[in-house]
Amino acid sequence: MTAAPSQQSDLELVGRVAKGDRAAVRLLFMRHHARIFRFVARQTGSESMADDIANEVFLELWKQAPGFEGRSQVSTWLLGIARFKALSHLRKRKEEWIDDADAAAVPDTADTPEVAVMKDNKANALRGMVNALPEEQRSVIDLAYYHGRSVTEIAEILSIPVATVKTRMFYARKKLGEALQAAGFERGWP
Amino acid sequence: MSEPEDMSRRDELETLLPFYLNGTLEGVDLEAVEEWLATDPAAVAALEEAEAEFSGVSAANEAVRPPADALSRFNKMLDAEVGAERSESPSMLAGLWARLTAVPASVAWGAAAAAIALVLVQAVMEPGRPGGDFEIAGTEDAANMPFVFVTFTPEATIADIAAFLAENGATIVAGPAAGGVFKVGIEAATAQDYDRIVGLIAAQPFAETVAPGRKPADGG
């Protein structure tokens, strides 16, 4: 068989996985593992937990491949599985989640903007500020900026309404704007 | 949860900017953002802020480094889940690897590299033909080299692979891993060169599967 990378699509590989092709699941692992690992690590705050969960995600891919209908991108599907498994693990650890309304009002427990600005440029400061966002807002920011997901894909991955995705994005960006202003960076919005 | 009551039209457009930047915006939302960017100077400044966020978020994510042995451990989990892998009409290289798997893991990689290198050198050291242009790259050479993952068809011959890789500045730097996956280093200075060579590899009859790996630093 001769296939260019673009032709050997994720969907085709999932089809091969469904037939028991282990090389195909390994290729999908190599393509997507790093991003799945990072997504889970940033949700859970634990790289060891992310390591376990990321492997479970690809085992789940192996099991569920025959039933995958291709209604969403394979990467979106995998992120959704990762999200579900991360929440399950966190629930086992009895960690509490906060709702959107509370999230907007809860003070950050990580670095303050003043600490973040100790780093001498805006990009570094922003990196710290993003890390300090509440998890539910940070997930939306990560999925949009790093994982390149659309509003509807984020809604699917996080199992929330589209309007909630926009709300979380609004609050996240508002919080980043406030943090930048507090740190002495000029920012026009909000 | 509905949109916040105090969300102005500008707030709505600002909220869409990350999706404009990642290329997923479409329809009326895309038209609205593009019109805003074309007519309001403040929109350009807002877009620059979103770009800065883009960089910050990317850096925050890239700072999380996946473990290097993740694939190896996943293979073990997969074997535990579904049983040891059956052999399936191995190619010459895959067959070589299959024989080497009886060697203790601590020496298997070195033995594999040495054995494959020997076979490949034999394949290209034909009379009248320049030798030494196909090799298992050294660790230092391979450390920062752009690479691609390749599996070969059962019909693939060493001679075909050797000739092609030598002509295109490509080198096997590791493999085969379980499943017959080889890591092939590519001497490409730009992403465009990388894509061209990867495309060439994928177009060869001996290439079964090609999965892009590390691209050159220009990232394009």
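The values are calculated or read from the model by the stated rules, or taken from the named source; none is laboratory data. Fair warning: this is a prediction, and the values are worked out from it, not measured in the lab. Here the Cβ is made from the backbone with ideal geometry for all residues, glycine too, and neighbour counts use every protein chain on show.
Just a few scattered comments:
- Restricting attention to the range B:163-198, the residues that are assigned to a strand (DSSP E or B) and closer than 30 Å to B:Asp79 by Cβ add up to 12.
- Members of the range B:34-43 that are surrounded by 10 or more Cβ atoms within 10 Å (Cβ to Cβ) and either modelled with pLDDT of 95 or more or not aliphatic (A, V, I, L, M) (or both): B:Glu34, B:Glu35, B:Trp36, B:Asp40
- Considered as a group, the residues in the range A:130-173 that are of a type in the set (S, T, N, Q) and part of a helix (DSSP H, G or I) include one that is farthest from A:Val57 (Cα to Cα), and that residue is A:Thr167.
- Beta carbons closer than 7 Å, at least 6 apart along the sequence or on distinct chains, pair a first residue in the range A:29-49 that is part of a helix (DSSP H, G or I) with a second that is of a type in the set (Lys, Arg) for A:Arg42/A:Arg138.
- Looking at B:Glu26, B:Glu14, B:Glu31, just one residue is away from chain A (no Cβ under 11 Å) and not hydrophobic (A, V, I, L, M, F, W, C), and that residue is B:Glu31.
- Boolean, B:Leu30 is modelled with pLDDT of 90 or more, under 32 Å from the mean Cα position of the chain (by Cα) and in the same structural domain as B:Ala177 (by TED's automatic domain parsing): no
- Within the option set A:Ile157, A:Ile141, being more than 10 Å from chain B (Cβ to nearest Cβ) and buried (at least 22 other Cβ atoms within 10 Å of the Cβ) holds for one residue only, A:Ile157.
- Residue within the range A:8-16 that is closer than 19 Å to A:Ile160 by Cα, away from every other protein chain (no Cβ under 11 Å) and surrounded by fewer than 17 Cβ atoms within 10 Å (Cβ to Cβ) present: no
- The set of residues from the range A:64-90 being without any contact (Cβ under 8 Å) to a residue 12 or more places away in the chain and part of a loop (DSSP other than H, G, I, E, B) comprises A:Glu69, A:Arg71.
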